Amino acid sequence: MGLMSKLLGGESRSAEDYVELDIDDFDADAGDAAMQVRFADIGEHNDVIDIKDAVYDGDIVVADITRHTTTDRTMEHISDELKQVAREVGGDIVQKEEDQIIITPGGVGISRSKLGR
């Protein structure tokens with residue numbers, strides 16, 4: 001299983017689950033990057049505010065939605081709000097299986113097919 005498959009796997013993860021990999025000759029600090037990949041948990045509707053802010057700021061967000069089912073009314077509202085944000089910024093949004101939503105800023109699309117297939 002590849003690194004991204006592990007990162008985007010079906011299990012709920014926390015910041016402690018990610019290992020920072022050293023990159024030789026890499027001078028830029030992640031905080032200086034024009035775009036970052038951010039991770040979030042959606043436990044309640046208020047969690048959407050930080051996700052929306054990150055996307056408006058130009059970041060990609062991978063949100064864990066394992067606390068909700070796809071038929072949950074709260075999840076329907078959250079999905080609608082995040083779809084609206086993606087439309088407003090010209091970005092993209094997909095739901096990966098039953099546990100994650102990925103939302104991107106303008107200029108970043110999400111392929112609907114896996115690599116190598």
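The values are calculated or read from the model by the stated rules, or taken from the named source; none is laboratory data. As the structure is a prediction and not an experimental result, all values here were calculated from the model. Reconstructed Cβ throughout: ideal geometry from the backbone, glycine too, with neighbour counts over all protein chains shown.
A few remarks follow.
- Against the numbered list (1) crowded, with 18+ Cβ neighbours inside 10 Å; (2) more than 16 Å from residue 104 (Cβ to Cβ); (3) modelled with pLDDT of 90 or more, residue 49 comes up short only at (1).
- Look at (1) crowded, with 17+ Cβ neighbours inside 10 Å; (2) free of Cβ contacts under 8 Å to residues at least 40 places away in the same chain; (3) assigned to a helix (DSSP H, G or I) and you find that residue 55 fails only one, number (2).
- Being in a loop (DSSP other than H, G, I, E, B), touching a residue at least 12 places away in the same chain (Cβ under 8 Å) and on the phi > 0 side of the Ramachandran plot is a condition met by at least one residue of segment 85-103.
- Here is the figure for segment 22-46: residues that are at pLDDT below 70 and in a loop (DSSP other than H, G, I, E, B) total 8.
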